[in-house]
Amino acid sequence: MRLSTVLTTMMMVLLVAGAALAGAGETVYGKGVSAPDTVLVSALLAHPDDYVGQTIRVKGTAVGVCAHRGCWINVASDVEGDVVRVKVKDGEIVFPPEIVGDTVVAEGVWTANKLDLETTKKVCANEAKNAGEEFDPESVTACKTLYQLSGTGAVVVKN
Amino acid sequence: MTKFRKICRTLHREFGFLAVGLTLVYAISGIAINHAHHWDANYARTVSESQMAPVGTGPTEEIRDQVLARLDLTEPVKNTWRADTNTLQVFLAGARYDVDLVTGKVVRQGFSKRPLLYDLNFMHLNSGKAPWTGIADVYASLLIVLALTGIFLVRGRKGLAGRGGVMLAVGVLLPVIYAVVVRA
């Protein structure tokens, strides 16, 4: 009886501590951010190959979140219409949909994934489907390279 | 043997009471998450469409206020984003509006946390990390104690030597068969 009382009390204390920690206005995901400088998304997208393999930090508005597992976010560029995707390991970091519209500082390794022609066609078909556009597989003749930030951490500031 | 059984019974009873709440957390959330491919276990999502007078594809600084005025939102706007020439997105705490600037079509995608279930899943998936990791480890240890002590609670034909033994074998064989036959 005493043992159960002690354990229950311990759990209550831990729960209260957890709730208090979760209450802050700035939320840290994963390892947070530690890279010294922020790279402009526009600069990153203008010369993506220059940053491949580097640990970098980007900042912008979160304009998209993976609806299934919260495993990626799209961070808006300083140039309208452009976004950079921050992909994290499934389950390691889970981005909630509430962060859309908030300011995100994300850190990770900039990666390039060169697709073969068949995969490029599938990606283009999917993009066309999402945009509600017609798609002709024969129109794709060159392979695509997908760039993204393999995210290790992020800090989200509520707007 | 009687003394050993008595210890098992005491541990099983005390830890059993302690484990009820957490077992319900993990069991209910487990069913919900197990069907994650069928539904969103954490958020209720809605999609609705409406129409507004188109504002055209002018510079964002000029059309933003017009769009917000025509949407006539009651909740505060967090941010806006010109996703492409024809689309302005408006972000609120629990929704996103995609406004087609050419046609005036408005798509609202709303989301809200599922009451209770969100919190159960938060605990089950250990999304809060540090504090819950310790609690979950203690709970898992309690389950091991409950499972092992439960074997020795009953004697005779309903116990390990009888029907209980058969049930125990079935319960052990089930994951073994799955791992060997199905997964292979």
Any chance segment B:154-177 includes a residue that's within 10 Å of chain A (Cβ to nearest Cβ) and in contact (Cβ under 8 Å) with a residue 60 or more places away in the chain?
-> no
Selection from segment B:18-54 of residues that are within 12 Å of chain A (Cβ to nearest Cβ) and among the small types (G, A, S) = B:A19, B:G21, B:A36, B:A41, B:A44
Condition check for B:L120: in contact (Cβ under 8 Å) with a residue 40 or more places away in the chain, surrounded by fewer than 17 Cβ atoms within 10 Å (Cβ to Cβ), out of contact with any Gly (no Cβ under 8 Å at 6 or more places or on another chain) and not assigned by TED's automatic domain parsing to the domain that holds B:P54 = no
For A:E92, state whether it is within 26 Å of B:I33 (Cβ to Cβ) and surrounded by 16 or more Cβ atoms within 10 Å (Cβ to Cβ).
-> no
Please enumerate the residues belonging to segment A:77-111 that are in contact with a helix residue (DSSP H, G or I) (Cβ under 7 Å, 6 or more places away or on another chain) and either among the aliphatic types (A, V, I, L, M) or free of Cβ contacts under 8 Å to residues at least 60 places away in the same chain (or both).
-> A:S77, A:D78, A:V79, A:E80, A:D82, A:V84
For A:V83, indicate whether it is more than 10 Å from chain B (Cβ to nearest Cβ) and at pLDDT 90 or above.
-> no
From the set of residues in segment B:24-81 that are aromatic (F, W, Y) and either more than 30 Å from A:D90 (Cβ to Cβ) or in contact with a strand residue (DSSP E or B) (Cβ under 8 Å, 6 or more places away or on another chain) (or both), which is surrounded by the most Cβ atoms within 10 Å (Cβ to Cβ)?
-> B:W81
Does segment A:99-122 hold any residues that are assigned to a strand (DSSP E or B) and in contact with a Cys (Cβ under 7 Å, 6 or more places away or on another chain), and which are they?
-> A:K114
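The values are calculated or read from the model by the stated rules, or taken from the named source; none is laboratory data. This one's a predicted model, so the numbers in the text were calculated from it and none came from an experiment. FYI the Cβ positions are ideal-geometry reconstructions off the backbone, even for glycines, and counts take in every protein chain you see.
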